[in-house]
Amino acid sequence: MDEIALVQSARKGDLDAFNRLVLAYQDMAYNLAVRMLSDTDIAQDVTQTAFLSAYRSLDSFRGGSFKAWVMRMVTNACYDELRRRQRHPTTPLEPVDEDDEEIESPHWMAGDDPTPEEALERRELDRAVQRCLEGLEEDFRAVVVMIDLEGMDYLEVSASLHKPLGTIKSRLARARLKLRDCLHRFWELLPSAFRLESERNA
């Protein structure tokens with residue numbers, strides 16, 4: 001995908017070009033929002049809002065990584081939502097479907113037809129990871145989600161968050177330590193292979 005050419009075409013009003021950019025990054029943006037906010041509906045709203053803002057602000061894009069630029073918009077929208085929650089706290093809920101039934105296997109989890117036991121293990125692990133992520137300060141959470149869960153590189157995250165590379169690396173190291181300590185509380189939920197690998201690296 002020629003990102004620069006698509007951005008230039010989108011600036012000229014080519015909606016198809018912008019839609020190709022959306023298709024390329026919408027899953028990453030949504031996953032970031034879900035992990036930051038722990039709410040699938042709000043994450044979807046935040047993602048849509050971020051891409052609308054990106055489309056309206058294309059003239060202000062100064063080059064570099066479009067992905068990093070969009071992820072910054074998603075992250076800022078998540079920060080706004082988290083601040084709003086602090087002003088108006090609500091009781092967190094597990095993901096639910098249209099009938100208000102708890103979703104046993106949210107679609108952002110890894111899938112490929114696992115056995116029932118593996119599916120249960122993955123759900124429990126995912127919940128443990130999400131609870132630990134929620135315990136991180138939002139700046140640390142954003143860094144670890146972008147790098148460890150979404151596979152962005154350090155430079156992209158630095159550009160997305162407008163923070164020096166050293167700050168990104170420092171926050172990631174501290175976030176990983178906090179997550180590791182938190183996950184020890186959920187040790188029995190971790191897959192046996194993960195436990196064995198962790199014990200070898202200890």
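The values are calculated or read from the model by the stated rules, or taken from the named source; none is laboratory data. Everything numeric in this text was worked out from a predicted model, so none of it was measured. Glycine also receives a Cβ, built like all others from the backbone with ideal geometry; neighbour counts cover every protein chain displayed.
I need the full set of residues from region 125-148 which are touching a residue at least 40 places away in the same chain (Cβ under 8 Å) and either in contact with a strand residue (DSSP E or B) (Cβ under 6 Å, 6 or more places away or on another chain) or over 17 Å from Asp39 (Cα atoms) (or both), in order please.
Leu125, Met146
Which of (1) at pLDDT 90 or above; (2) touching a helix residue (DSSP H, G or I) at 6+ places or on another chain (Cβ under 7 Å); (3) within 20 Å of Arg35 (Cα to Cα) does Leu190 not meet, given it meets every other one?
Unmet for Leu190, out of (1) at pLDDT 90 or above; (2) touching a helix residue (DSSP H, G or I) at 6+ places or on another chain (Cβ under 7 Å); (3) within 20 Å of Arg35 (Cα to Cα): (1).
Among what's in region 171-187 and is closer than 21 Å to Arg122 by Cβ, exposed (fewer than 15 other Cβ atoms within 10 Å of the Cβ) and not aromatic (Phe, Trp, Tyr), pick the residue that is modelled with the lowest pLDDT.
Here the answer is Arg185.
Sort out which residues of region 5-33 are of a type in the set (D, E, K, R) and within 25 Å of the chain's Cα centre (by Cα), and write them in order of number.
Residues satisfying the conditions are Arg20, Asp27.
Is at least one residue of region 149-170 closer than 25 Å to Gln26 by Cβ, at pLDDT below 90 and assigned to a helix (DSSP H, G or I)?
Yes; the residues of region 149-170 include at least one that is closer than 25 Å to Gln26 by Cβ, at pLDDT below 90 and assigned to a helix (DSSP H, G or I).
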